[in-house]
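Below: the structure, in structure tokens.
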Amino acid sequence: MAENSTVHFIISRQDSPDSEPYQEEFHVPYRPNMNVISALMEIRRNPVNAEGKETSPITWDMNCLEEVCGACSMIINGKPRQSCSAIVDQLEQPIRLEPMRTFPVVRDLQVDRSRMFDSLKKVKAWIPIDGTYDLGPGPRMPEVKRQWAYELSKCMTCGVCLEACPNVNSKSNFIGPAPLSQVRLFNAHPTGEMNKAERLNAIMEDGGLTNCGNSQNCVQSCPKGIPLTTSIAALNRDTTLQSFKNFFGSDQV
Amino acid sequence: MAGNREYFYRRLHSLLGVIPVGLFLIQHLVVNHFATKGADSFNKAAHFMESLPFRYVLEIFVIFLPLLFHAIYGIYIAFTAKNNASRYNFFRNWMFVLQRFTGIVTLIFVVWHVWETRIAAAFGAEVNFNMMENILSNPFMLWFYIIGVVSTIFHFANGLWSFAVSWGITVTPRSQLISTYVTIGIFIALSIVGIRAIFAFVS
């Protein structure tokens with residue numbers, strides 16, 4: 001019966017950032033509607049592996065539990081995705097969990113996504129509104145454009161697009177699709193547009209936009225359905241114009 | 001600015017692949033196609049190309065230097081990728097892998113082809129119908145040429161697709177889909193031209 005059935009997990013583990021990864025198997029008691037995180041929580045409650053030996057609980061990252069924070073991303077049955085929205089009933093068993101090794105592994109399934117946040121700083125993914133006096137209200141944004149921009153703003157810096165990208169790896173310094181698409185978002189904002197050139201120049205530096213090799217895995221893998229490759233192509237157009245302006249000068253600021 | 005040349009090099013790589021290297025490829029395939037009209041016709045066309053004014057200037061600036069940059073920077077690009085098409089089994093990802101694979105195949109083919117024809121010519125050999133007939137009478141070389149030519153044309157056609165993306169010409173998914181069909185058409189059309197020319201030397 002249902003209370004006796006278990007879910008089979010094969011989990012890739014790693015004790016420290018520099019130690020060798022190894023696999024450990026678990027049989028977790030099945031509960032209806034369970035997701036990968038609730039299974040990991042069950043292992044944490046009762047850290048006994050498939051051989052019946054007591055082991056250390058699995059380390060992983062999580063926060064919102066509703067697929068908006070991006071923290072619990074990992075590779076589940078070969079696909080990078082959020083473990084909170086990975087429903088056990090919809091997964092083939094054994095369920096294989098691995099960390100996203102594009103990022104430095106901290107321990108077990110936990111990775112360090114700092115590089116993504118550094119990239120957001122590098123491309124100036126914000127709108128500067130501070131002044132020494134009240135600058136007043138900014139220009140209005142048309143409602144249709146706001147709705148369009150909302151789709152780009154859904155990015156939760158989860159790292160799935162970087163994991164899927166063949167050009168984001170230890171041999172390259174490509175910042176990846178996510179921070180690039182944020183440049184398009186902030187350049188589309190009527191106030192953000194005032195610093196458009198700064199952001200375009202930032203992504204024209206080493207490790208920037210031109211590292212994209214158009215494999216388009218990012219747009220296929222993005223859990224939020226963000227049109228990443230459209231953003232990249234649109235930025236290709238913008239940077240083409242920006243590079244002409246930089247080289248030849250322009251009649252416009 | 002120094003140390004931030006990557007944007008420039010990548011864009012230059014993309015541009016040179018189409019202008020002039022891609023245009024030269026089309027011209028070369030068209031001239032080869034004279035072989036289908038017989039040995040005399042081919043020899044006349046080849047002789048005309050050989051006797052173009054400013055031949056060395058044209059060869060150096062339209063063919064060798066752009067090709068050399070495209071090839072060397074291309075090797076760097078190909079080997080910085082970590083191909084993952086087995087895990088991410090998408091059409092464009094396969095095109096990404098094939099673009100890098102055909103780039104390397106094309107480089108091997110072109111190096112051999114230049115050695116066997118242009119460099120041989122510099123040492124006194126005459127490039128004409130008979131020369132190609134001799135080369136292609138060897139079944140191994142026939143297959144080497146077929147694979148080399150098709151690989152080159154694939155690399156050009158698919159490169160044209162990514163050229164349009166890289167320069168911001170095709171931005172939307174629909175425009176990229178249409179350019180996929182257009183470049184597949186270019187691949188098929190040029191392959192027919194190339195293969196027909198090869199078989200014209202085999203009798």
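The values are calculated or read from the model by the stated rules, or taken from the named source; none is laboratory data. Here the structure is a predicted model, which is why all the values come from computation and not from measurement. Positions of Cβ are generated from backbone atoms using ideal geometry, with glycine treated the same way; all protein chains shown enter the neighbour counts. Heads up: the accessible areas ignore ligands, DNA and RNA and are worked out on the full protein's heavy atoms, side chains in. Shrake-Rupley method; radii C 1.70, N 1.55, O 1.52, S 1.80 Å.
Take segment B:132-147 and flag every residue that is aliphatic (A, V, I, L, M) and either open to solvent by less than 90 Å² (accessible area, probe 1.4 Å) or not in a helix (DSSP H, G or I) (or both).
Scanning segment B:132-147 gives B:M132, B:I135, B:L136, B:M141, B:L142, B:I146.
Pick from segment B:168-180 the residues that are free of Cβ contacts under 8 Å to residues at least 12 places away in the same chain and assigned to a helix (DSSP H, G or I): which of them is nearest to the other protein chains (Cβ to nearest Cβ)?
B:P173
Taking the condition touching a helix residue (DSSP H, G or I) at 6+ places or on another chain (Cβ under 9 Å), more than 30 Å from A:A197 (Cα to Cα), open to solvent by 60 Å² or more (accessible area, probe 1.4 Å) and in contact (Cβ under 8 Å) with a residue 60 or more places away in the chain, does A:P128 pass?
no
Out of (1) touching a Lys or Arg at 6+ places or on another chain (Cβ under 6 Å); (2) within 14 Å of another protein chain (Cβ to nearest Cβ); (3) crowded, with 18+ Cβ neighbours inside 10 Å, what's the single condition that is false for A:G159?
(2)
Can you tell me how many residues within segment A:19-46 are outside any strand (DSSP E or B) and either of a type in the set (S, T, Y) or open to solvent by 20 Å² or more (accessible area, probe 1.4 Å) (or both)?
Summing the residues that are outside any strand (DSSP E or B) and either of a type in the set (S, T, Y) or open to solvent by 20 Å² or more (accessible area, probe 1.4 Å) (or both) in segment A:19-46 gives 13.
Looking at (1) within 14 Å of another protein chain (Cβ to nearest Cβ); (2) surrounded by fewer than 19 Cβ atoms within 10 Å (Cβ to Cβ); (3) not hydroxyl-bearing (S, T, Y), which is the only condition B:V165 fails?
(2)
Search segment B:34-62 for residues that are farther than 15 Å from B:R118 by Cβ and pair each with any residue that is open to solvent by 60 Å² or more (accessible area, probe 1.4 Å) when their beta-carbon atoms are under 7 Å apart and the residues are at least 6 apart or on different chains.
Sorted first by the residue in segment B:34-62, then by its partner, the pairs are B:T36/B:R196; B:S41/B:F34; B:F42/B:F34; B:A45/B:F34.
Could you check segment B:1-99 for helices (runs of 4 or more DSSP H) lying wholly inside it with 1 or more residues that are small (G, A, S) and farther than 30 Å from B:A125 by Cα?
B:6-18, B:65-80
Could we say that B:I108 is surrounded by fewer than 18 Cβ atoms within 10 Å (Cβ to Cβ) and either part of a helix (DSSP H, G or I) or more than 14 Å from chain A (Cβ to nearest Cβ) (or both) here?
Yes, satisfied.
Hey, can you tell me all the residues within segment A:199-240 that are aliphatic (A, V, I, L, M) and facing another protein chain (nearest Cβ under 7 Å)?
Hits for segment A:199-240 are A:M204, A:A233, A:A234.
Can you give me the number of residues within segment B:65-97 that are of a type in the set (A, V, I, L, M, F, W, C), open to solvent by 30 Å² or more (accessible area, probe 1.4 Å) and more than 11 Å from chain A (Cβ to nearest Cβ)?
The number of residues fulfilling the criteria is 6.
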